[in-house]
1. Which of (1) more than 19 Å from ASP33 (Cα to Cα); (2) buried (at least 16 other Cβ atoms within 10 Å of the Cβ); (3) of a type in the set (Val, Ile, Thr) is the odd one out, the single condition VAL165 does not satisfy?
2. Being under 21 Å from THR103 (Cα atoms) and not in a helix (DSSP H, G or I) is the filter here; which residues of the stretch 147-199 pass it?
3. For a quick check of your reading of the model, give me the residue pairs whose first member lies in the stretch 169-191 and is closer than 20 Å to GLY132 by Cβ, whose second is among the basic types (Lys, Arg) and more than 10 Å from the ligand (Cβ to nearest atom), with beta-carbon atoms closer than 9 Å and at least 6 apart or on different chains.
4. Counting only residues that are closer than 21 Å to ARG91 by Cβ, within 12 Å of the ligand (Cβ to nearest atom) and of a type in the set (Lys, Arg), how many does the stretch 148-202 have?
5. How about the stretch 136-147: which of its residues are over 15 Å from the mean Cα position of the chain (by Cα) and surrounded by 14 or more Cβ atoms within 10 Å (Cβ to Cβ)?
6. So GLU75 ticks every box in (1) under 19 Å from the mean Cα position of the chain (by Cα); (2) at pLDDT 95 or above but one. Which box is left unticked?
7. Scan (1) within 20 Å of TYR38 (Cβ to Cβ); (2) β-branched (Val, Ile, Thr); (3) at pLDDT 95 or above for the single condition VAL210 breaks and write down its number.
8. Tell me yes or no: at least one residue of the stretch 127-143 is assigned to a helix (DSSP H, G or I), in contact with a helix residue (DSSP H, G or I) (Cβ under 6 Å, 6 or more places away or on another chain), modelled with pLDDT of 90 or more and among the hydrophobic types (A, V, I, L, M, F, W, C).
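The values are calculated or read from the model by the stated rules, or taken from the named source; none is laboratory data. Only a predicted model underlies this, so the values are computations on that prediction, with no experimental measurement involved. Cβ: placed from backbone, ideal geometry, glycine included. Neighbour counts: every protein chain shown.
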Amino acid sequence: MAKLKIALDGPAGSGKSTAAKRVAELLGYAYLDTGAMYRAAALAALRADVSLTDAAQAEAVVARSRIELRWTGGETRVWLDGEEVTAEIRRPEAAQAASYVSTIPGVRAILVARQREFAAAGGVVMEGRDIGTVVLPGADLKVFLTASAEIRARRRADELAARGVPIDFAEMKRDVVARDRRDAERAASPLAAAPDAIILDTTAMEAEEVARLIVLLAREKERKAEAR
Ligand code: DC
């Protein structure tokens, strides 16, 4: 079978991560969570004590940081300069910090180059905010997931609660909305659906339904690619 490049984009809580992992599993593809890279980059900047709005310094820190991701079929485990930071990057502070460092074009350039390398051989599901628009504009299948802010905040809250991180739902919702705004309004590769992306509103969908639908679309693309 043809090995596709699949781009899955959307805001926080749209169901992207759950869908992307499940799609990768069902298709036997590799999976890359690009948000985890931005979170690790943000952590590197925080640890180096550089201001998240100091573009040059943050870029220099990220350039010399070793960020490693390993997906073993359950969760993405992440190492920063040899130290495991899997739990730390999932904290709300890391998410907020990531949405700041990800506005820095130099930081994006470094991470995008690594992401393209990962996708080079095909057979990948990559999730993020700009995969279909910037990282892999030639992706074989692009899906942009959306959902209401309410349900997205609820999903994020449940996810964190499952990890034992205490949360305040009202604050979580404000956080989600603020982060969306920053992600969508930034000048460098804002969160946006590619013109050729399929837009899927997951508000009333179960995670498994979303994944199955994407797999169906991917199988069709694989068949077409084979026939060429
Ligand atoms: O998907 P996530 O919540 O783990 O992403 C964390 C932050 O990283 C998010 O606020 C925006 C940023 N990000 C990005 O700018 N581009 C990507 N491809 C992925 C994430």
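1. Unmet condition: (2).
2. Within the stretch 147-199, ARG186, ALA187, ALA188, SER189, PRO190, LEU191, ALA192, ALA193, ALA194 meet the criteria.
3. ASP180/ARG152
4. Of the residues in that region, 6 qualify.
5. First, pick out the residues of the stretch 136-147 that are over 15 Å from the mean Cα position of the chain (by Cα): 137-141, 147.
Answer for the stretch 136-147, where residues must be over 15 Å from the mean Cα position of the chain (by Cα) and surrounded by 14 or more Cβ atoms within 10 Å (Cβ to Cβ): ALA139, ASP140, LEU141, ALA147.
6. Single failed check for GLU75: (2).
7. (1)
8. Just the residues of the stretch 127-143 that are assigned to a helix (DSSP H, G or I), to begin with: 131-135.
From what's left, in contact with a helix residue (DSSP H, G or I) (Cβ under 6 Å, 6 or more places away or on another chain): 135.
Next, only the ones that are modelled with pLDDT of 90 or more stay: 135.
In the following step, the residues that additionally are among the hydrophobic types (A, V, I, L, M, F, W, C) were identified as 135.
For the stretch 127-143, residues assigned to a helix (DSSP H, G or I), in contact with a helix residue (DSSP H, G or I) (Cβ under 6 Å, 6 or more places away or on another chain), modelled with pLDDT of 90 or more and among the hydrophobic types (A, V, I, L, M, F, W, C): present.
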